[in-house]
Amino acid sequence: SLSKTKKKGKEHKESIVNAIREAAEDYNSIYVFSFENMRNLKFKEFREKLKPTSRFFLGSNKVMQVALGRSVSDEIRPGLYKVSKDDDGSFFNYYFIVFRRQSRPACEVFDSTGSLLRGDAGLFLTNMPRDEVESCFNKFEENDFARTGTIATEKVELLEGPLDQFTHEMEPFLRKQGMPVRLNKGVVELVSDFVVCEEGKPLSPESARILRLLGIKMATFRLNLICRWSPEDFELYKEGLDESDIE
């Protein structure tokens, strides 16, 4: 019934909150990270690699914010509320800015409440030294085939003529993807130039399929560190910020 479903959902959220709070007591540092082009299998491998010294949490950002505490009065450890919420508008004044390589503009990690846990983000709790964490995250990068809706990183155009990379059995499938093809003496042939995708525009389902057939990978799965909390200090990882930005 609906009431049982709501109860189950509430219990699940409470279990996550409790798990995060317990883990926060067990680990020395807590990081917020964002991710791009998530690939579950690759992330699982990365998580397993760090499992002996660390723990990851992904899910509802609001649930994670509640678990850490969104104000001084309900934070579970001193200073942790800075990760979840800022109420007075002076968000940047709290932090020591650490310059690191990141791929997203600084403004993109904040919402209207100043929360760092927003969008595609997660928590990483660990006993690993800071330099090892930074090295692991900065080096982690997996190229993969782009999915529907991914923004094309380049223009891909096929020129009129034979497509030797495709067998004759694939001609009907290619036509279904919108490609102007025909069979010429058993060879798949483009009867006119064909643009698979345009740089900066989202991929259609057909474009994504064609790029896969061509072996072109346009998606890169990355994990970007946003901030680090420890009992001693708090650091924000972003390039392009100077003191004028945090006044």
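Read the figures in this text as sums done on the coordinates, not as results from a lab. The structure presented is a predicted model; accordingly, all values stated were derived computationally and were not measured. Positions of Cβ are generated from backbone atoms using ideal geometry, with glycine treated the same way; all protein chains shown enter the neighbour counts.
Please work out how much length the chain gains when fully extended from Asp164 to Glu22, using 0.36 nm per residue of separation minus the C-alpha to C-alpha distance, in nm with one decimal. Value of the extension gain: 45.3 nm. In loop segments of the stretch 186-225 as defined by DSSP, the GluC sites (Glu not before Pro) with at most 12 further C-beta atoms inside 10 Å of their C-beta are Glu199.
Please work out how much length the chain gains when fully extended from Arg175 to Arg147, using 0.36 nm per residue of separation minus the C-alpha to C-alpha distance, in nm with one decimal.
Working: separation 28, 0.36 × 28 = 10.08 nm, distance 1.99 nm.
Here the segment from Arg175 to Arg147 would lengthen by 8.1 nm.
Each 5 Å bin from zero up to the one holding the largest Cα-Cα distance in the stretch 150-214 carries the following percent of pairs: 4, 19, 29, 24, 14, 7, 2, 0. Taking amide H as placed 1.01 Å from N in the peptide plane, the amide H of Ile226 sits under 5 Å from that of Val32, Phe33, Ser34, each at least 5 places away or on another chain.
What FRET efficiency comes out for Ser230 versus Val63 if R0 is 25 angstrom and r is the Cβ-Cβ distance? Round to the nearest 0.05. It would help to have the intermediate numbers written out before the result.
Values: r = 23 Å, r/R0 = 0.91.
That pair, Ser230 with Val63, gives E of 0.65.
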